[in-house]
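The values are calculated or read from the model by the stated rules, or taken from the named source; none is laboratory data. Bear in mind that the values here come from a model prediction, so they are computed numbers and not experimental data. Every residue, glycine among them, receives a Cβ derived from its backbone with ideal geometry; neighbour counts consider all protein chains shown. The accessibility values were calculated without ligands, DNA or RNA, using every heavy atom of the protein model including side chains. Shrake-Rupley method; radii C 1.70, N 1.55, O 1.52, S 1.80 Å.
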Amino acid sequence: MKVLLVGSEVSPIIKLGGLGDVMGSLPKELVKLKIDVDVIVPYFPVADISRVKIIKQIELQVPYGGATHTVDVFKTKLPGSSVDVFLLRNTKYFNLGGLNAFLNTVSETDMFVFFNRAVTEFIKAKFNTYDIIHANDWHTGLLNHLLETEIGSTRPATLFTIHNLAYQGIGGLELVKDLGFYPGEHPIIDNDVLDGTLNMMQQGLSSSDYINTVSPSYAKEILYKDIGGEMTDILLAREGRLVGILNGLDYSQFPRDFNTSNWKEHKSISKKSIQKQLLLDNSDKPIFSFISRLDPNQKGLDILLDVIPRLITKGAQVIILGKGDPHWENTFQSLLDNDKLKGNISINIKFDTSLALDIYKASDFFIIPSRYEPCGLTQMISMWYGTIPIAHAVGGLKDSIVDNKNGFTFNIYSSTSLFSVISNALELYKNKPVYEEMVLSAMQTDFSWTKSAEKYYELYKEVINLRQKSIHLAEVNLDYSNK
Ligand code: ADP
């Protein structure tokens, strides 16, 4: 089986967010299942090629916006694997990309429509030898249409993975013209642009052979308006071709110098060290931490803010590490003005992966109050470091945390529910044997990519099979109409 994984980033070469982690981890596991997998991404200037050998392979001539653009195709290997990574370079379109994972602007949409056009030319240059194109998020939403236009009925099967439905890639009508599509060619596009805009996520969802998302629970939740929003109707119509596969965690990215037998001593040393580093009082109080993009629509910032003073009054310390929405950066920062919290709160407004690791290792509890969470990595990382997650039971959080076993969950999105479960956690912390059992259970929960890759393999087989059947049916119909 030959697979092409398409997306906007691939870790560790280009890492902007969680999508990059999936694009970098999944292919390495697929190779172990004897799948021939290639990865293709734009060659943004932020690409870190210091640890890889890179060679220019071919040049593509890509028609777009009434002109022909040269795209240089560079080839390298995904570090630590035999996976080929193709990087597409074009100074006009890709030089401003890769600065922010969630820019989601109109000009970014233009960049990725061009990317879809270039990937299609790449697939043609590879003689259409892929069995399946695994497209990821809105950045790849037009691939299915382009393949149909360019290759017709012999196009490969397509799987479209939703990593976060809230980011959709919305652009102007002119993008359809730039692609060279004409009205009537793709009715799904005609229908979408009636409001004057093109929605890349909507196109990926409605045109691809199959859709999946990054946890089984999120796959169900997006069928309801409060999480699925305007995409709900399309998703409901395609429910029979929508599944969820929980992401794994690439443990090689998270070194741990302790194990289930010596975690107590190590955590206690890490705790003292982080208290010193972040100017917290030196005490045995439990540390509750929160590390996240500060996205008020997703990450549950309002209910978190509400519980912090009460949590500290009840005898805990709190560490926040986050960056994002400026209003929320200021709001968290201003907690430092409250004298009652002094010595027991640390606010760090920045993106700092090394500090994040220190916090995961030193904390006792990790709060994830997200309103919705497609999969989430922080619960998996915190469990690995023996830090008990306290999370809203949604999406991937619900699928990875077993309440009262390896963490705590709450069902109703409110600060009251969050605080109630935090109170349980504080009680548990006093009951050392039970608390220690939960830490061990969290540390032993296995989120390695192996299981997820096996599920993707099964899904690829099913999607390819469905594609073969639909080609066969189309031929039968053709024969019938010829009689
Ligand atoms: P999302 O992809 O929605 O941002 P995830 O939970 O899937 O959320 O992944 C978040 C990742 O980013 C985790 O590895 C987390 O540790 C990291 N992260 C988030 N905010 C920060 C920050 N301010 N500094 C360092 N790492 C962060």
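Which is farthest toward the positive dipole end of the chain among Tyr251, His266, Ser452, measuring Cα position about the Cα centre, with Cβ charges +1 (Lys, Arg) and -1 (Asp, Glu)?
His266
Using packing as a proxy for protection, rank 236-247, 11-22 so that the peptide with the highest average count of other Cβ atoms within 10 Å comes first.
Working: 236-247: 17.1, 11-22: 21.6.
Result, highest mean first: 11-22, 236-247.
What accessible area per residue, rounded to a whole number of Å², is obtained for the chain using a probe radius of 1.4 Å?
Values: 20370 Å² over 483 residues.
Each residue of the chain exposes 42 Å² on average to a 1.4 Å probe.
Compute, for region 7-54, the length of the dipole vector about the Cα centre, with Cβ point charges of +1 (Lys, Arg) and -1 (Asp, Glu) only. Units Debye, rounded to 20. Spell out each step's value before the answer.
Values: 6 positive and 6 negative charges, 38 e Å.
Value, rounded to 20: 180 debye.
Express the Stokes-Einstein translational diffusion coefficient of region 298-440 in µm² s⁻¹, to the nearest whole number, given a Kirkwood radius over alpha-carbon pairs, 25 °C and a viscosity of 0.890 mPa s. Walk me through the numbers on the way to the answer.
On the way: Rh = 15.4 Å.
So the translational diffusion coefficient is about 159 µm²/s.
Multiply the residue separation of Met1 and Leu223 by 0.36 nm, subtract the distance between their alpha-carbon atoms, and state the gained length in nm to one decimal.
Working: separation 222, 0.36 × 222 = 79.92 nm, distance 3.15 nm.
Between Met1 and Leu223, full extension yields 76.8 nm more.
Just list whichever of Lys2/Lys34; Lys75/Lys126; Lys398/Lys432 have alpha carbons separated by over 18 Å in the model shown.
On the way: Lys2/Lys34 10 Å; Lys75/Lys126 13 Å; Lys398/Lys432 25 Å.
Over 18 Å apart, Cα to Cα: Lys398/Lys432.
What does the highest-first list of 346-353, 164-171 look like by mean Cβ count within 10 Å?
Values: 346-353: 14.9, 164-171: 21.4.
The densest-packed peptide leads the list: 164-171, 346-353.
Taking the dipole about the Cα centre of the chain, with the C-beta of Lys and Arg at +1 and of Asp and Glu at -1, give me whichever of Ile390, Asn431, Leu418 is farthest to the positive side.
My answer, from the dipole projection, is Asn431.
On the protein heavy atoms, probe 1.4 angstrom, tell me the percent of accessible surface of region 269-425 carried by carbon and sulfur. Mind dumping the intermediate values first?
Working: 3150 of 6030 Å².
Carbon with sulfur: 52 percent of the solvent-accessible area.
Please report the Cα spread of region 173-292 along all three principal axes, rounded to whole Å, starting with the longest.
68, 31, 29
Could you please state how large a percent of the accessible area of region 1-139 is carbon and sulfur, counting protein chains only and using a 1.4 Å probe? Don't jump to the answer; show the numbers that get you there.
Details: 2800 of 5300 Å².
Ligands and nucleic acids excluded, carbon and sulfur reach 53 percent.
Between Lys455 and Glu59, what's the calculated FRET efficiency when r is the beta-carbon distance and R0 is 35 Å? Round to 0.05. It would help to have the intermediate numbers written out before the result.
Values: r = 37 Å, r/R0 = 1.06.
Between Lys455 and Glu59 the formula returns 0.40.
With +1 assigned to the C-beta of every Lys and Arg and -1 to the C-beta of every Asp and Glu, and no other charges, what is the dipole magnitude of region 9-134 about the Cα centre in debye, to the nearest 20?
Working: 14 positive and 13 negative charges, 71 e Å.
Dipole size: approximately 340 debye.
Under Stokes-Einstein, with the Kirkwood radius over Cα pairs standing in for Rh, what whole-number D in µm²/s applies to region 56-204 at 10 °C and 1.306 mPa s? Walk me through the numbers on the way to the answer.
Working: Rh = 15.9 Å.
Using the Kirkwood radius from Cα pairs, D works out to 100 µm²/s.
Once both labels are modelled 7 Å past Cα along the beta-carbon direction, what's the Ser273-Thr197 spacing in nm?
In this crude label model, Ser273 to Thr197 measures out at 4.7 nm.
Any chance you could check the Cα centroid distance between region 117-133 and region 213-241 for me, in angstrom?
29
Could you tell me whether region 275-358 comes out rounded, prolate or oblate from its Cα gyration tensor? Rule is a ≥ b ≥ c as square roots of the eigenvalues, rounded for a/c under 1.5, then prolate if a/b exceeds b/c, otherwise oblate.
Working: a/c = 1.76, a/b = 1.28, b/c = 1.37.
Because a/c hits 1.5 or more and a/b fails to exceed b/c, region 275-358 counts as oblate.
Quick check on region 408-483: take the gyration tensor over C-alpha atoms, sort the square-rooted eigenvalues as a ≥ b ≥ c, and tell me if it's rounded (a/c under 1.5), prolate or oblate.
Working: a/c = 10.07, a/b = 2.89, b/c = 3.49.
Oblate shape, in that a/c is at least 1.5 and b/c is the bigger or equal ratio.
Let's see if you can work this out: charge +1 on each Lys and Arg Cβ, -1 on each Asp and Glu Cβ, no other charges. What is the dipole magnitude of the chain about its Cα centre, in debye to the nearest 20?
Details: 48 positive and 55 negative charges, 283 e Å.
For this selection, approximately 1360 debye.
What does the charge count around Pro369 come to, taking other residues whose C-beta lies under 13 Å from its C-beta (Lys +1, Arg +1, Asp -1, Glu -1)?
Numbers: positive: Lys299, Arg371; negative: Asp295, Asp302, Asp306, Glu373.
Every neighbour counted, the sum reads -2.
Could you order the peptides 427-436, 48-57, 202-211 from most to least packed, using the average number of other C-beta atoms within 10 Å per residue? Walk me through the intermediate numbers first.
Working: 427-436: 12.8, 48-57: 11.2, 202-211: 23.7.
Result, highest mean Cβ count within 10 Å first: 202-211, 427-436, 48-57.
Set Lys and Arg Cβ to +1 and Asp and Glu Cβ to -1, take the dipole of the chain about its Cα centre, and tell me which of Tyr372, Pro79, Ala166 lies farthest positive.
The residue sitting farthest along the positive end of the dipole is Pro79.
In straight Cα distance, which aspartates and glutamates are under 16 Å from Lys272, not counting same-chain residues fewer than 8 positions off?
Output for Lys272: Asp281, Asp284, Asp358, Asp364.
Over the chain, what is the relative contact order in whole percent, taking alpha-carbon pairs under 8 Å and six or more residues apart? Walk me through the numbers before you get to the answer.
Numbers: 904 pairs, mean separation 59.1, N = 483.
With pairs under 8 Å counted, the relative contact order is 12 percent.
Taking all pairs of distinct Cα atoms, average 1/r, flip it, and tell me the Kirkwood hydrodynamic radius of the chain in Å to one decimal place.
On the way: mean 1/r = 0.0420 Å⁻¹.
About 23.8 Å for the chain.
Mind giving me the nanometre distance, one decimal, between the label points for Lys264 and Asn128, set 7 Å out from Cα along Cα→Cβ?
6.6
Modelling each spin label as a point 7 Å along the Cα-to-Cβ direction, I'd like the Arg310/Phe351 distance in nm, to one decimal.
3.3
For the chain, what is the calculated [θ] at 222 nm in deg cm²/dmol (nearest 500), taking -39500 (n - 2.57) for each run of four or more DSSP H residues and dividing by its residue count?
That comes out to -13000 deg cm²/dmol.
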